[in-house]
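Everything below concerns the one structure shown next.
The values are calculated or read from the model by the stated rules, or taken from the named source; none is laboratory data. None of these values were measured; they are calculated from a predicted model. We place every Cβ from the backbone using ideal geometry, glycine too, and count neighbours over all the protein chains shown. These area figures cover heavy atoms from the full protein model, side chains too; ligands, DNA and RNA do not enter into them. Shrake-Rupley method; radii C 1.70, N 1.55, O 1.52, S 1.80 Å.
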Amino acid sequence: MLNKHHFGFHALWIVLVLISQSVTVAQAATDCAAVTEIPSTECEALVALYNSTDGANWADNSGWLETNTPCGWKGVTCSSGHVSQLSLSSNQLTGSIPSQLGNLTKLESLRLNANQLTGSILTEFGNMSGLWYLRLDDNQLTGSIPSQLGNLSNLMYLELYNNELTGSIPSQLGNLINLRELHLYDNELTGSIPSQLGNLSDLWQLDLSDNQLTGSIPTELGNLNKLWSFDLSDNELTGSIPTEFGNLSGLRSILDLSNNQLTGTIPSELANLRDVWLLLNNNQLCGEIPAELKNRSSRLELDNNHLTADDPELIEWLNKRNPNWKDTQTSCSTATLQFKLTTYSVTESDGFITINVIRTGDNNGTVSANYATIDNTAIFGSDYTQTTGTLSWADGDSTDKTITIPIIDDNKFEDIETFTISLTDPVSGENLDNATVIVSDSDLICTIVTEIPSTECDALIALYNSTNGASWADNTKWLRADTPCNWYGVECEEGHVIALKLAFNRLHGSIPAELGNLSHLITLQLGSDHGEPMSEIVQMIYDSCGGDLSCEDSMGIWYFTDLEAVENQLIGSIPPELGNLSLLETLELGVGNLSGSIPPELGNLSQLKSL
């Protein structure tokens with residue numbers, strides 16, 4: 001029989017054994033420096049993944065960080081001394097993918113799908129040259145698709161669907177010539193479909209549905225004759241259905257173009273597609289349904305378009321599939337042809353004026369109209385050359401058309417003169433309109449100006465012409481007098497222009513390089529546009545300043561200062577010549593619709609106090 005002293009001794013021995021076992025387990029934790037079956041950098045990449053994605057709470061983390069043999073951990077497969085496969089699908093991974101994972105350069109298959117991963121897709125994945133299988137679908141990944149994925153020349157399966165990815169589809173994905181499946185659906189991708197995807201000649205499945213893709217469908221996708229499933233539905237695609245889709249001889253499952261904004265007619269070439277579920281519903285397709293489609297044995301959906309059918313056999317075939325299809329069709333709407341601007345301005349020295357005509361509404365069918373110039377105060381033969389002709393748009397064509405009108409320099413100082421350009425004789429009932437062309441003698445004005453240098457006068461004229469001064473909200477006295485210091489928004493001092501205040505004045509166009517010649521300029525305001533509402537706070541400040549755009553608040557903060565390009569319709573790049581404005585003190589650039597980079601010449605603005 002054990003006495004209490006024996007019992008106490010045995011109890012102490014049991015406790016010591018348990019402590020010893022616990023120490024043994026702790027000592028078995030992974031030490032990447034001691035790992036021999038793969039490089040330590042690959043071991044560290046696995047550890048980083050574990051830590052970054054809450055490995056302690058994975059559904060199955062067997063072996064992870066418990067041993068120095070990572071090739072035996074759950075989901076890890078090794079080959080030739082490297083990690084070759086990593087499969088942790090549906091394993092409750094949370095958090096982001098660590099950049100260290102890019103060190104698994106010998107990886108051939110990566111499956112992290114069906115988890116709760118956040119953050120972006122690593123650009124480092126582009127270094128995994130042996131990767132042939134990549135699944136990151138069914139997560140919560142954000143950001144854009146890295147163009148570096150186009151380096152994965154061995155990739156056969158790319159699955160990124162059901163995430164929150166944004167940005168455009170990289171054209172570099174067209175380099176993945178071995179790709180079999182590309183699934184990018186159910187994201188927030190924007191922009192157009194890259195034509196380079198037409199290079200994926202071995203592709204079996206292409207699904208870009210449930211995004212926000214715009215633009216027309218590239219005809220190059222008609223080269224993918226090995227596709228058996230093709231889905232572009234639920235986007236914002238425009239234009240017509242490429243006739244080249246009739247070449248998709250491999251289609252055996254689905255061609256889904258539904259829920260877009262496609263226009264034009266249904267190509268008869270689609271009748272070449274047999275045993276295919278063809279979905280064209282919820283678009284803006286117009287015209288007669290090709291009778292050849294009745295020979296197809298597969299399913300066809302075309303509800304909610306503007307389609308008609310005259311062939312009795314085709315109607316019978318369609319009615320068998322959906323007796324109500326005709327009730328969902330509405331009549332084709334007509335296009336509208338109109339001038340891009342209602343007023344254009346030109347100087348005699350320019351030699352010509354280019355007028356833009358746009359087609360709005362739908363793009364169904366061929367439309368055309370005649371155009372002609374009409375005298376007002378400007379007379380053809382002495383002020384301009386009479387111009388006539390016809391503009392035409394093919395079915396599905398929505399590109400702008402141009403009219404070029406020669407302007408005659410009569411070498412006489414004259415006041416502003418105008419003539420009209422008119423669209424007439426429409427085909428298919430388009431709505432038409434007129435535009436006014438204003439002709440000025442600005443070159444002669446500057447030759448007689450005495451209150452400022454002619455170069456500064458020329459700069460003002462250049463701004464007027466490049467921003468459609470004829471349509472400004474206020475262009476009082478501009479080009480109508482030889483005293484530019486009295487023109488609206490122009491302030492002069494000691495024989496030079498020191499301020500040009502044209503903010504909120506409906507400027508439309510580009511900033512001319514000639515502004516760099518206003519060498520004494522201190523204030524330059526070119527911000528906002530008549531059609532763009534200011535935010536409530538900006539409006540409040542503007543109102544409290546009584547419309548003074550140089551207003552300074554009680555804290556000394558300038559809300560509107562020398563160069564504004566915020567909420568406007570200025571386009572093009574920032575002229576590097578603005579770097580010549582050596583007296584400029586405050587510079588604010590709200591890029592708006594401006595493009596390109598910030599000119600390094602702005603670094604020459606030595607008097608600049610606020611940028």
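Asn486 to Glu188: FRET efficiency via 1/(1 + (r/R0)^6), r the Cβ-Cβ distance, R0 56 Å, to the nearest 0.05?
The value I calculate is 0.60.
Give the residue from Thr373, Tyr344, Ile358 lying farthest towards the positive end of the charge dipole for the range 339-401; charges sit on Cβ (+1 for Lys and Arg, -1 for Asp and Glu) and the dipole is referred to the Cα centre.
Going by the charge dipole, the pick is Ile358.
Stretched out fully, how many nm does the piece from Asn51 to Asp433 gain, at 0.36 nm a residue minus the Cα gap?
Difference between extended and current length: 130.9 nm.
Order the following by accessible area, largest value first: Met128, Met156. Probe radius 1.4 Å; ligands, DNA and RNA are ignored.
The most accessible residue leads, giving Met156, Met128.
Just flag the GluC sites (Glu not before Pro) in the range 215-308 sitting in loop per DSSP whose Cβ has no more than 13 other Cβ atoms within 10 Å.
none
Set the Förster radius R0 to 41 Å, insert the Cβ-Cβ distance between Ser398 and Arg252 as r into 1/(1 + (r/R0)^6), and round the FRET efficiency to 0.05.
The formula returns an efficiency of 0.75 here.
Grab the beta carbon distance between Thr77 and Thr243, set R0 = 45 Å, and tell me the FRET efficiency rounded to 0.05.
For R0 = 45 Å, the calculated efficiency reads 0.45.
Taking a probe of 1.4 angstrom, what is the accessible area of Tyr488 in Å², to the nearest 10?
That residue has around 80 Å² of solvent-accessible surface.
Putting +1 on Lys and Arg Cβ atoms and -1 on Asp and Glu Cβ atoms, find which of Asn324, Leu255, His306 reaches farthest to the positive end of the dipole of the range 251-342.
After comparing all options, I get Leu255.
Accessible surface of Phe380 in the full protein assembly, 1.4 angstrom probe, to the nearest 10 Å²?
Rounded to the nearest 10, the figure is 100 Å².
Could you give the length gained by full extension between Ile416 and Trp228, i.e. 0.36 nm per residue of separation minus their alpha carbon distance, to one decimal place?
Full-extension gain reported as 61.2 nm.
State, to one decimal in nm, how far the label point of Asp311 lies from the label point of Asp202, with both points 7 Å from Cα in the Cβ direction.
If labels sit at Asp311 and Asp202, their model points lie 3.8 nm apart.
Can you sort Thr373, Thr69 by 1.4 Å-probe accessible area, starting with the largest?
From most accessible down to least: Thr69, Thr373.
Within the range 446-476, what residues put their amide N at less than 17 Å from the label point 7 Å along the Cα-to-Cβ vector of Ser582?
456, by backbone N distance to the label point.
Give the ranking of Thr420, Thr265 by solvent-accessible surface, highest area first, calculated with a 1.4 Å probe.
Most to least solvent-accessible, the answer reads Thr265, Thr420.
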